[in-house]
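This report concerns only the one structure given below.
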Amino acid sequence: MQYDSKESLEGSASDLQAYAVLLRALNGEFNRIAHAFAQAHDLHATDVHALAAILDASANDGEPMTPSRLRERLNLTSGAVTACLDRLERAGHISRSRDSADRRVVHLHYNPPARTLARRYFSPLARSTEAAMAHFDPEQLTTIAEFLRLLNRELSQER
């Protein structure tokens, strides 16, 4: 099902069901792309989610992801996180380093060659995002970004 016109939400701007349908469609497209990346690079779907979380952590707060934060973020057991990180490290996607102040803390880093690979693979997603953003003025984009931030915050509080 495609949603490429305003009609799917017009007249129902406050209709929760309409938003749910649109969000599920968006999530489905993201998952399709992530699964294709995973298959193309012999990864598990969880590995792709872990890579995104590692990338997002350093982009959002400047702090590298740690295995314990990743476990919480992905709702996995310690053993599952270890297995995931081992696969990602063997494949060259990430590296682990010890914190200089507290050697017990391990930081996870998305390796530059893997980042380049992902950027190349996901460039159609970036182009699609830019094309969609071009339909809105800066004020509207600010509102959209704020909605997404608040929705993510609300969803994370449900965890």
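What to note about this one:
- From the list A126, A118, A114, the one residue that fits, being of a type outside the set (F, W, Y) and either loosely packed, with under 12 Cβ neighbours inside 10 Å or farther than 16 Å from A57 by Cβ (or both), is A126.
Yes or no, residue by residue, for (1) modelled with pLDDT of 85 or more; (2) over 22 Å from S123 (Cα atoms); (3) surrounded by fewer than 17 Cβ atoms within 10 Å (Cβ to Cβ):
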site	(1), (2), (3)
A25	yes, no, yes
A40	yes, no, yes
S58	no, no, yes
E72	yes, yes, yes
L76	yes, yes, no
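- Qualifying residue in the stretch 71-87 (condition: touching a strand residue (DSSP E or B) at 6+ places or on another chain (Cβ under 6 Å) and in the same structural domain as I33 (by TED's automatic domain parsing)): no
- Among residues of the stretch 47-67, those that are assigned to a helix (DSSP H, G or I), in contact with a strand residue (DSSP E or B) (Cβ under 9 Å, 6 or more places away or on another chain) and of a type outside the set (V, I, T), counted: 8
- In the stretch 80-94, the residues that are outside any helix (DSSP H, G or I) and surrounded by 14 or more Cβ atoms within 10 Å (Cβ to Cβ): A91, H93, I94
- Residue within the stretch 97-109 that is under 16 Å from A52 (Cβ atoms) and in a loop (DSSP other than H, G, I, E, B) present: no
- Given (1) closer than 23 Å to A40 by Cβ; (2) of a type outside the set (G, A, S); (3) at pLDDT below 95; (4) not assigned by TED's automatic domain parsing to the domain that holds R32, number of the condition R115 does not satisfy: (4)
The values are calculated or read from the model by the stated rules, or taken from the named source; none is laboratory data. This is a predicted model, so every value here is computed, not measured. Virtual Cβ from ideal backbone geometry, glycine too; neighbours counted across all protein chains shown.
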